[in-house]
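The structure under discussion appears below in the form of structure tokens.
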Amino acid sequence: METPLQITFHNMDSSAAIETAIRERVAKLEKFYDRITRCRVTFDAPHQHKTHGKRYQVRIDVALPDGAEVVVDRNHEKDGGHEDPHIAIRDAFGAAERQIKAFAAQHRRGKATRHAQKEVG
């Protein structure tokens, strides 16, 4: 993994298992787009709800070339959420993956279009 990665835990102690899962998912993002310049992941375990238990929150900030940024903020407390931290990670990174794939496709189309215009001009 070449991307500078910052992992922050809020309202909980750091966890080697969660950190490993996050690192694996960031490495997977690099396979979809290898020009990621920075990635910050915040893993939050807000206070425990009386009837629902903990609802984990995951925020991912991915910096891309040309100042572009992908931000995913999965606040599972609002949408019914996940009590399993690994499912919260999976869902957040799934959303980031979709956004990065879309960015990469748009970036490739833009390069192809600009290149073709230069040759004609």
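No lab work stands behind these numbers, since they all come straight from the coordinates. This structure is a prediction, so every number in the text was calculated from the model and none was measured. Backbone-built Cβ (ideal geometry, glycine too); neighbour counts: all protein chains shown.
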Short version: ³J(HN,Hα) in whole Hz for each residue of the stretch 83-99, in order, from phi by Karplus 6.51 cos²θ - 1.76 cosθ + 1.60 (θ = phi - 60°), x for Gly and Pro, what are they?
-> 8, 8, x, 6, 6, 4, 5, 4, 5, 5, 6, x, 5, 5, 4, 4, 5
If the label point sits 7 Å along Cα→Cβ of His107, residues of the stretch 1-44 with amide N under 12 Å come out as 30-38
Whose amide H sits under 5 Å from the amide H of Leu64, counting only residues 5 or more places off or on another chain, with H placed in the peptide plane?
-> Thr37, Glu69, Val70
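If packing is taken as the mean number of other Cβ atoms within 10 Å per residue, what is the order of 66-74, 10-18, highest first? Present the calculation step by step, with values, prior to reporting the outcome.
Working: 66-74: 14.1, 10-18: 11.8.
For the peptides 66-74, 10-18, the packing ranking is 66-74, 10-18.
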Sorted by Cβ neighbour density within 10 Å, fewest at the top, the residues Tyr33, Tyr56 = Tyr33, Tyr56
Between Glu30 and Asp61, what is the spin-label point distance in nm, taking each point 7 Å from the Cα along the Cα→C-beta axis?
-> 2.1
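Would you mind ranking Lys54, Lys28 so that the residue whose beta carbon has the fewest other beta carbons within 10 Å leads the list? Show your work: numbers first, answer last.
Working: Lys54 21, Lys28 13.
Going from least to most buried by this count: Lys28, Lys54.
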